[in-house]
Each structure stands twice: as structure tokens, then as C-alpha cells.
Amino acid sequence: MFTRKRSVLSLIVCFVMLFTLLTGCSQNAPAPTQPAAAEPEKVEPVTLVWSYWGDPWEIEINKKIAAKYEETHQNIKIEQQYAPWSSYFEKLETQWAGGTSPDVMFLTNVPSYAEKGVLADMGTLTKENNYNMDDYYPESLKLFQYEGKLYGVPRDNDTKVLFYNKKLFDDAKLPYPDKSLTWDSLITTASQLTKRDGTGRASQYGLAFDPNTWFLYIWMNNAQFLDDYDKPTKVLFEDPKAIEALQNMGDLINKHKCAPSYELIKDSSQISQMFMANQIAMVVGNHALIPSFIQTKDLSWDVAYLPTMNGNPKKNIMGGAGYTMSSMSRHPKEAYEFWAYVTGPEAQKMFVDSKLIVPANKAVLNSDEFLKQSYNAQVFVDETAEGQSYPTTSKFSQLWMTSNQYFEGIWTGEKRADAVVKEAMPELTKIITE
């Protein structure tokens with residue numbers, strides 16, 4: 001009996017010792033390690049410089065675009081470099097000479113800067129990133145091409161339309177202009193809408209236009225003024241159709257007397273002021289006139305198509321300033337992403353809200369945001385499709401300014417167009433050939 005009890009007791013002691021041993025080992029053993037939580041990837045802050053010129057309304061919209069982009073790109077800071085037109089390009093030239101540059105730039109005359117090597121090849125970048133180039137008219141991209149490469153895209157188009165004062169048409173019991181308008185019927189209508197007092201002084205004109213857009217009227221008469229708009233070798237003002245178009249413009253002022261004098265229309269702001277004062281019935285102009293017209297009390301207006309001239313195909317202007325990217329950017333990936341946003345639908349629609357531009361992006365141009373207006377916005381869409389690009393040659397600016405000086409004689413009525421062209425040709429030819 002005693003032996004059995006001792007055996008049981010020994011067994012219990014063994015169990016207690018074993019339990020103690022196991023418990024002690026468990027307490028002294030290191031706790032199993034848990035895998036460390038992955039640290040969030042560190043994103044370095046990036047500052048991008050965006051340069052542009054523009055009116056106060058453009059500055060405000062650009063600020064909104066930058067702020068909107070920063071909201072969804074926490075590591076990106078957009079530093080805006082504004083300069084007025086008068087000093088904008090000089091500032092860029094100074095930066096480039098010093099080896100620095102804004103990352104994204106609003107530019108015009110792009111081929112001349114691409115030639116200097118300061119712009120990134122956007123054709124390659126857009127292909128690599130599947131950017132939708134189908135959103136642009138090929139004609140509108142010509143101003144951003146150099147030696148077969150693309151260096152940017154336009155923000156807007158300088159499309160011209162015919163603004164007309166509905167009240168003045170109603171008072172004269174005349175039908176509003178439509179697609180059937182020709183140059184001859186335009187003259188007839190403008191003459192009917194011109195009023196003069198007993199002294200012969202005009203109190204109301206039928207039509208006004210910007211004489212510095214003479215190239216548009218040459219195109220409307222199915223003529224050209226250079227043999228090649230990229231690398232010209234010859235000036236074509238002596239083409240009878242070009243001379244006729246210039247004379248047609250001068251005749252509106254001096255023969256038909258249905259347009260204001262050159263002194264009144266050489267300042268385009270004067271034209272819009274007279275239209276808003278019900279002193280001009282029709283004005284050839286662009287979309288930038290619309291905000292002022294909308295805000296003018298008791299001004300009833302709409303837009304119509306430009307006339308055709310001598311049965312020739314319709315023509316308009318295609319082109320505008322646009323966005324480029326620096327070849328010197330220290331952050332090319334981030335710079336491209338911002339460039340793509342600025343040129344994309346969301347940013348373009350912010351400009352559309354201002355009613356100041358005809359968007360270059362076709363998807364936005366045909367969107368409800370652009371088309372659903374109190375005026376016939378479809379006219380801008382249709383006229384844009386008929387656009388011809390501004391010349392891409394760097395010599396166009398000098399040719400245009402010199403031509404303007406000579407052509408003043410046509411607008412004042414002092415000389416006929418053929419005589420002015422003959423007088424101007426030696427100097428204009430020199431500009432192109434040297």
C-alpha cells in the first residue's frame with residue numbers, strides 16, 4: 001500500500017517538474033517576430049515653374065488651374081512666372097542663356113525657339129504616354145512643328161466670325177445674315193445699315209473689320225501671299241486675286257463708305273466700343289469680344305458666318321499660342337504630366353467658362369460647355385474647321401508689320417492696292433530672301 005502511494009506521489013512530482021520546466025522554457029523563449037509594416041514610399045516634393053503672359057482674366061484662370069492640379073498632386077508645387085507681353089520673351093531668352101528655364105511655357109512663334117534647342121520634343125513624349133493627338137486639327141499643329149517634330153499644342157484658335165447687332169437689323173427690317181452671305185450681299189446689307197445725317201456725317205456704320213488681318217481676306221479670295229509658309233522664297237502679293245482682296249477691303253471704307261475710316265478702326269478696341277454703343281451693325285472679330293458684349297446692357301447680338309468671296313471656298317484663321325515644355329527641365333516626368341493636364345479637357349473647360357476663347361481641343365470645342373450659349377456657338381465650330389494656319393516662318397512677323405505700314409495707303413484711300421503692292425514688293429521680297 002505504501003509502495004503504491006509512493007509510486008503515485010513520484011509520478012505526480014515528475015509531472016510537476018516537467019510542467020515547471022516547460023513553462024520556464026516558454027517564458028524565456030523570445031516572442032515570435034511579426035513582419036514589419038511596409039513604410040509608405042517617400043515622394044519627394046517637386047516645384048515646377050509655369051510661365052505665361054496674359055490679361056488679368058487669363059492670370060485668374062491660370063491660378064485656378066494650378067490650384068486644382070496641386071489638390072490632386074500633393075507633392076507638386078506650381079510656381080507661376082508671369083510677365084507682360086512686352087517683356088515676356090526677353091525674360092525667357094535671359095533664362096535660357098543662363099542655362100535655366102521654366103518647365104512648362106506658354107509660347108507663340110514656336111519654331112524659332114525649337115530651332116534653338118530649348119524645347120522638348122513633345123511628339124515623342126505624347127506617343128510614349130498615349131496622349132490623344134486626334135483632339136487637334138492637324139492644321140492647328142503646324143505652328144508647333146519644326147523640322148518634322150512637334151513641340152507643343154495650341155490652347156485656342158483665333159477663329160473669326162461676323163458679330164451682328166440684332167436691334168439695328170430689326171430697326172432696318174432686314175433679315176439676319178446666314179450661311180448664304182457673299183461679299184456682294186455683305187456690301188449691300190452694310191450699305192443699307194449705314195446712316196448719315198444732313199451733313200453727310202455717319203451716325204451708324206454697317207460694318208467694321210481689323211485691317212491688320214488682311215491675310216484672311218487674301219485667303220478668302222483663294223489666293224496666297226507666300227509660296228511656302230514654312231520656308232518661303234517668294235512673295236505673292238502681285239497675284240491679281242491678292243490685289244483684288246486688298247482693294248475690296250479698302251473699298252468698304254472709301255468707295256462704299258459702309259465702314260468707318262481707318263483712323264477709327266486701326267484700334268480694334270475702338271471697334272468693339274462702337275458696336276456696344278449701337279453705332280456699328282456688323283463686326284468681324286474673335287471670341288474674345290464676347291464677355292464685353294454679354295455684360296453690355298440692352299445690347300442684342302449674335303454671330304454669323306463670314307461671307308464667301310467670288311464663289312471661292314470658305315476660309316478662316318487657324319492658330320493661336322499654346323503650351324510647350326522645356327528641354328532643360330530637371331523634372332521631365334512631372335513637367336510632362338502637368339503639361340498634359342494644362343492642355344487637357346479639364347483645364348480647357350476652365351477657359352471655356354470665361355467665354356474668351358475658342359478651345360483648340362476638338363472634344364471641348366464640341367462639348368455642351370462650349371456650345372450651349374445664348375449665342376450661336378456652332379458658328380465658331382464650323383468656321384474653325386475652315387481655318388488655315390498662320391505662316392510658321394520666323395520672317396512672317398517682320399513681313400506682316402512692314403506690309404501693314406504700306407497697306408495704310410489702301411485703307412486711307414490715298415492709293416490703289418496695285419500701286420501699293422508694286423511699291424512694297426522690293427522691301428517685302430528682301431525680307432523673305434535675306
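Brief remarks follow.
- Each residue in the stretch 121-130 was checked for being in contact with a helix residue (DSSP H, G or I) (Cβ under 8 Å, 6 or more places away or on another chain) and closer than 10 Å to Lys149 by Cα, and 1 of them qualify.
- All conditions but one from (1) touching a helix residue (DSSP H, G or I) at 6+ places or on another chain (Cβ under 6 Å); (2) at positive phi; (3) not basic (Lys, Arg) apply to Tyr217; the one that does not is (2).
- Scan of the stretch 172-201 for residues that are of a type in the set (A, V, I, L, M, F, W, C), over 19 Å from Asn310 (Cα atoms) and crowded, with 18+ Cβ neighbours inside 10 Å, ordered by number: Leu193
- Qualifying residue in the stretch 178-195 (condition: under 30 Å from Asp228 (Cα atoms), touching a residue at least 12 places away in the same chain (Cβ under 8 Å) and in contact with a strand residue (DSSP E or B) (Cβ under 9 Å, 6 or more places away or on another chain)): yes
- Residue, farthest from the chain's Cα centre (by Cα), within the stretch 104-163, restricted to residues that are of a type in the set (D, E, K, R) and part of a strand (DSSP E or B): Lys149
- Scanning the stretch 83-103 for residues that are surrounded by 13 or more Cβ atoms within 10 Å (Cβ to Cβ), assigned to a helix (DSSP H, G or I) and under 19 Å from the mean Cα position of the chain (by Cα) turns up Tyr88, Phe89.
- Residue pairs meeting the criteria (Cβ under 8 Å; at least 6 apart or on separate chains; first farther than 22 Å from Trp219 by Cα, in the stretch 249-260; second surrounded by fewer than 18 Cβ atoms within 10 Å (Cβ to Cβ) and among the basic types (Lys, Arg)): none
- Contact map, the stretch 408-420: first residue closer than 16 Å to Asp239 by Cβ, second residue of a type in the set (Phe, Trp, Tyr) and in a helix (DSSP H, G or I), Cβ cut-off under 7 Å, separation 6 or more or different chains; pairs are Val420/Tyr406; Val420/Phe407.
- Residue within the stretch 420-431 that is in the same structural domain as Asn286 (by TED's automatic domain parsing), basic (Lys, Arg) and in contact with a helix residue (DSSP H, G or I) (Cβ under 9 Å, 6 or more places away or on another chain) present: no
Table: residues versus (1) surrounded by fewer than 16 Cβ atoms within 10 Å (Cβ to Cβ); (2) closer than 19 Å to Leu226 by Cα.
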residue: Lys372; (1), (2): yes, no
residue: Ala385; (1), (2): yes, no
residue: Ser389; (1), (2): no, yes
residue: Phe407; (1), (2): no, yes
residue: Trp411; (1), (2): no, no
residue: Lys422; (1), (2): yes, yes
residue: Pro426; (1), (2): yes, yes
residue: Ile431; (1), (2): no, yes
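The values are calculated or read from the model by the stated rules, or taken from the named source; none is laboratory data. All values reported here derive from a predicted model rather than from experimental measurement. We place every Cβ from the backbone using ideal geometry, glycine too, and count neighbours over all the protein chains shown.
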